[in-house]
1. Against the condition more than 25 Å from ASP54 (Cβ to Cβ), touching a helix residue (DSSP H, G or I) at 6+ places or on another chain (Cβ under 7 Å), among the acidic types (Asp, Glu) and in contact (Cβ under 8 Å) with a residue 12 or more places away in the chain, how does GLU166 come out, does it pass?
2. Is it the case, given these coordinates, that TRP389 is open to solvent by 30 Å² or more (accessible area, probe 1.4 Å) and more than 24 Å from GLN304 (Cα to Cα)?
3. Which residues, taken from the range 332-374, are within 16 Å of the ligand (Cβ to nearest atom), closer than 22 Å to ALA24 by Cβ and either out of contact with any Leu (no Cβ under 9 Å at 6 or more places or on another chain) or of a type in the set (Ser, Thr, Tyr) (or both)?
4. Which one of these is surrounded by fewer than 18 Cβ atoms within 10 Å (Cβ to Cβ), free of Cβ contacts under 8 Å to residues at least 60 places away in the same chain and at positive phi: HIS423, HIS396?
5. From the list ALA330, ALA321, pick out the single residue that is closer than 25 Å to HIS82 by Cα and either in a loop (DSSP other than H, G, I, E, B) or free of Cβ contacts under 8 Å to residues at least 24 places away in the same chain (or both).
6. Does at least one position in the range 140-153 carry a residue that is within 16 Å of the ligand (Cβ to nearest atom), open to solvent by 10 Å² or more (accessible area, probe 1.4 Å) and not in a strand (DSSP E or B)?
7. Quickly run through the range 387-412 and pick out the residues that are of a type in the set (Ser, Thr, Tyr) and closer than 15 Å to THR98 by Cβ.
Amino acid sequence: MVEQALNAEMMNPLESVRWQIRRAADALGLDPAVYEILKSPLRFLEVSIPVTMDDGSVHVFTGYRSQHNDLLGPAKGGIRFHPDVNPDEVKALSAWMTIKCALLGLPFGGGKGGVIVDPRELSPRELEELSRGYVRAIARFIGADRDVPAPDVYTNPQVMAWMVDEFARIKQGNEFGVITGKPVAIGGSLGRTEATGRGVVICVKEAARRLGIDLQGARVAVQGAGNVGSHTATLIHREGARVIALSDSHGGVYRPEGLDPRQVLDHKARTGAVHGFPGAQAITNEELLELECDVLIPAALENQITAENAPRIRARLVVEAANGPTTPEADELLFDRGIRVVPDVLANAGGVTVSYFEWVQNMYGYYWSEAEVNERLGQMMGRAFSEVWDMHLKQHCSLRNGAYMVAVRRLAEAMRVRGWLGHPDAARR
Ligand code: NAD
């Protein structure tokens with residue numbers, strides 16, 4: 001296993017998620033067909049999106065949509081606009097969604113989309129045209145009962161609003177349940193914007209309680225100041241923890257006595273970056289990861305904690321707000337060093353859970369209060385956390401393996417009863 005993990009260091013995220021699924025399926029003694037079904041998406045689309053740029057030229061963007069699995073319900077997962085988007089990343093992210101939804105007990109499969117673009121270089125008009133063009137390209141494959149996109153890196157409620165509007169034009173009628181993470185004005189759920197960060201904080205609290213870490217004054221470092229990082233930092237600060245570092249793609253700021261995340265985020269809103277925040281020391285993203293702290297929260301992109309820097313991680317607990325921030329080899333190294341890692345498929349599942357609530361509210365046309373949303377989120381995340389914790393104790397494994405075992409077992413049972421694993425009498429015939 002360790003040797004396989006060493007090889008895994010060279011893996012891309014798709015190999016990494018496959019390796020996790022196979023390991024869980026093997027540990028549970030499941031039919032090999034379970035892994036074969038889960039190792040690749042059921043459907044993968046590549047689309048070209050022509051956009052007329054402000055200078056009058058036409059630029060053709062490449063986009064993808066991966067529907068990894070629809071075993072438990074419609075595919076579900078965000079849309080990423082980023083220059084590094086590539087087919088294997090999108091496939092991996094969609095597989096993580098399958099695991100995440102199964103782990104939380106949501107009636108969804110896994111999906112993910114992406115467009116190769118740096119949206120920060122587009123004007124608002126170009127961004128709108130790209131968002132609408134992407135939906136036109138994938139419209140026949142999505143829908144409230146087929147595949148339900150949502151925001152991810154560098155997409156937001158405004159982008160979702162353009163997409164849902166374009167879909168309504170194509171279908172000649174509103175279908176708000178086709179996309180979640182919408183603005184509240186057009187069927188978005190209260191609490192959705194903060195939901196991923198809120199779920200991360202629930203996991204920090206659950207883990208800290210079990211590990212005897214007092215959150216009052218606990219030192220927390222957060223990498224990433226986007227949707228997830230900013231709400232995580234703000235909410236954990238509100239719980240009494242000390243946010244000693246926060247970063248974005250330009251670098252980070254560090255203050256051992258603690259930062260007020262709202263002030264740092266105001267500074268970022270004014271200047272475009274967290275660096276330069278008065279009274280704080282400038283640090284790089286690499287240095288942030290290696291700070292001595294109680295809780296490290298990577299909330300940006302994949303492959304941040306690797307075999308190279310894992311030996312220098314000085315956190316007691318790592319809570320993965322981002323998807324795939326720890327490589328498989330780094331994961332083994334942290335496990336051997338006794339550093340607990342609350343895995344992405346659990347830690348950042350608050351977003352998809354409230355996306356599920358949004359979809360339910362759209363289907364019923366009946367909307368909940370924010371308190372109701374947060375209460376149900378707390379219940380679902382708390383239950384999933386306990387299941388993962390119990391599994392990791394029972395199997396003497398990492399929380400990540402425990403999480404995959406809970407999810408893959410649930411998926412395997414659904415495959416069995418749907419007849420995807422062959423007929424029980426087939427071997428005798
Ligand atoms: P976002 O676009 O709002 O923010 C991304 C943040 O990452 C920004 O602060 C950006 O500056 C920072 N960043 C980009 N490149 C970086 C780099 N090289 N080093 C350090 N920081 C960098 O995105 P988000 O929605 O907050 O997503 C962050 C992570 O959380 C992603 O892995 C995403 O898949 C995951 N996630 C998001 C949601 C959600 O609801 N938005 C749900 C589950 C998981």
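1. Answer is no for this residue.
2. Judged against the criteria, TRP389 is not a match.
3. Listed by number, the residues that qualify are ASP344, ALA347, ASN348, THR353.
4. HIS396
5. ALA321
6. Yes: the range 140-153 contains one or more residues that are within 16 Å of the ligand (Cβ to nearest atom), open to solvent by 10 Å² or more (accessible area, probe 1.4 Å) and not in a strand (DSSP E or B).
7. Once the filter is applied, which keeps residues that are of a type in the set (Ser, Thr, Tyr) and closer than 15 Å to THR98 by Cβ, the range 387-412 yields only TYR404.
Here's the yes/no breakdown for (1) more than 30 Å from VAL342 (Cα to Cα); (2) not assigned by TED's automatic domain parsing to the domain that holds LEU71:
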position: GLY133; (1), (2): yes, no
position: ARG136; (1), (2): yes, no
position: ASP147; (1), (2): no, no
position: ASN156; (1), (2): no, no
position: MET160; (1), (2): no, no
position: ARG169; (1), (2): yes, no
position: VAL178; (1), (2): yes, yes
position: ALA185; (1), (2): yes, yes
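The values are calculated or read from the model by the stated rules, or taken from the named source; none is laboratory data. What you see is a predicted model; the values in this text were computed from it and never measured. A quick note on method: Cβ atoms are made from the backbone with ideal geometry, for glycine too, and the neighbour counts reach across all protein chains shown. Accessible surface is based on the protein model in full, side chains and every heavy atom, while ligands, DNA and RNA are left aside. Shrake-Rupley method; radii C 1.70, N 1.55, O 1.52, S 1.80 Å.
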